[in-house]
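> My questions all concern the structure below.
The values are calculated or read from the model by the stated rules, or taken from the named source; none is laboratory data. Values in this document were obtained by computation on a predicted structure and should not be read as measured data. Methodologically, a virtual Cβ is constructed for each residue, glycine included, from the backbone with ideal geometry; neighbour enumeration extends over all protein chains shown.
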Amino acid sequence: MTGATIPGVPSVLAGRRVNNPDQLSNAYIALHGIPHTQIDKVAAYFRPRIEARNRRNRLMAELEACHTAFPKHHVRLIGYDNMRQTQGSAMVIYRAA
């Protein structure tokens, strides 16, 4: 199971804005009533997702700091493929002011 999808079952959220106006196909949920004996299991399930979100947040903070330091320049994000030693992706995050 990944996110809101179950393998082989189409998601009713695909392509829709639910409760996050910035992203399609994403919904935020609140978990209530987790038995205290299961908190460790729930925490373990969400740990990789929280770590991924934290990595994204740190990256976005670094990009914003770069833009703040150099507002008259483009800020470009380039992703390299370590195995092939090639540029995997590139995009302009902030355009010059």
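> Determine, yes or no, whether LEU63 is of a type in the set (A, V, I, L, M, F, W, C) and modelled with pLDDT under 90.
So LEU63 does not fit the description; no.
> Something else: Answer with yes or no whether TYR80 is surrounded by 10 or more Cβ atoms within 10 Å (Cβ to Cβ) and either at pLDDT below 90 or under 30 Å from ALA96 (Cα atoms) (or both).
Against the criterion (surrounded by 10 or more Cβ atoms within 10 Å (Cβ to Cβ) and either at pLDDT below 90 or under 30 Å from ALA96 (Cα atoms) (or both)), TYR80 qualifies.
> Quick one: which residue in ALA14, ALA69, ALA44, ALA96 is surrounded by 10 or more Cβ atoms within 10 Å (Cβ to Cβ) and either at pLDDT 90 or above or under 18 Å from the mean Cα position of the chain (by Cα) (or both)?
ALA14
> Output the number of residues of region 24-73 satisfying the condition of being part of a loop (DSSP other than H, G, I, E, B) and of a type outside the set (Gly, Ala, Ser).
Residues meeting the conditions: 12.
> May I ask you to list the residues in region 46-97 that are closer than 30 Å to ALA30 by Cβ and aromatic (Phe, Trp, Tyr)?
PHE46
> Now, a different point. Is there any pair with a first residue in region 52-80 that is closer than 10 Å to TYR94 by Cβ and a second that is in a helix (DSSP H, G or I) and aliphatic (A, V, I, L, M) whose Cβ atoms are under 7 Å apart and which are 6 or more apart or on different chains, and what are they?
Partner pairs satisfying both residue conditions: VAL75/LEU63; LEU77/LEU63.
> Still on this structure, please answer the following. Those residues that are surrounded by fewer than 10 Cβ atoms within 10 Å (Cβ to Cβ) and more than 29 Å from GLY79 (Cα to Cα), I need them from region 17-37; list them, please.
Residues satisfying the conditions are ASN19, ILE29, ALA30, LEU31, HIS32, GLY33, PRO35, HIS36, THR37.
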